[in-house]
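The values are calculated or read from the model by the stated rules, or taken from the named source; none is laboratory data. Please read these numbers as outputs of a predicted model, since none were measured by experiment. So basically every Cβ, Gly included, is an ideal-geometry build from the backbone, and we count neighbours across all protein chains shown.
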Amino acid sequence: MLLALDENNHTHLGASIAHIANLPESTVHNDNCEVCSICLETPAIGDTMRHLPFLQKFHKDCIDPWLRRRRSCPVCKSDI
């Protein structure tokens, strides 16, 4: 919903699809994962997580659209 508010704001440049695809991913194998800071849901077994260089993990489906609009982490604001 927050990304929709920024739909027509072109002042931010996101990461390229290739750059996003090069970020590490993992599949959740147990139920003791931290909550995704974007959707605020606990990842379920089998969910795909995207890892940012600053040790944050997000659902791949949550962080990828964010990174296409911004090159920064939604939590710590560091550039990817």
inquiry  = With the requirement that a residue be under 20 Å from Leu13 (Cβ atoms) and either in contact (Cβ under 8 Å) with a residue 60 or more places away in the chain or not in a loop (DSSP other than H, G, I, E, B) (or both), what does the range 29-57 give you?
reply    = Arg50
ask   = Which of the following residues is at pLDDT below 90 and on the phi < 0 side of the Ramachandran plot: Asp31, Asp47?
value = Asp31
message = Just to be sure I understand, how many residues within the range 58-73 are free of Cβ contacts under 8 Å to residues at least 40 places away in the same chain and of a type in the set (Lys, Arg)?
response = 1
key: Filter result (surrounded by fewer than 17 Cβ atoms within 10 Å (Cβ to Cβ) and either touching a Cys at 6+ places or on another chain (Cβ under 7 Å) or over 11 Å from Leu23 (Cβ atoms) (or both)) within the range 48-59   = Thr48, Phe54, Leu55
ask   = Of the numbered conditions (1) assigned to a loop (DSSP other than H, G, I, E, B); (2) buried (at least 17 other Cβ atoms within 10 Å of the Cβ), Cys62 satisfies every one except a single condition; which is it?
value = (1)
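Does Cys62 satisfy the condition of being at negative phi, out of contact with any strand residue (DSSP E or B) (no Cβ under 6 Å at 6 or more places or on another chain) and modelled with pLDDT of 95 or more?
It is true that Cys62 is at negative phi, out of contact with any strand residue (DSSP E or B) (no Cβ under 6 Å at 6 or more places or on another chain) and modelled with pLDDT of 95 or more.
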In the range 65-79, residue surrounded by the most Cβ atoms within 10 Å (Cβ to Cβ) [restricted to those that are in contact with a Ser or Thr (Cβ under 7 Å, 6 or more places away or on another chain) and in a loop (DSSP other than H, G, I, E, B)] = Pro74
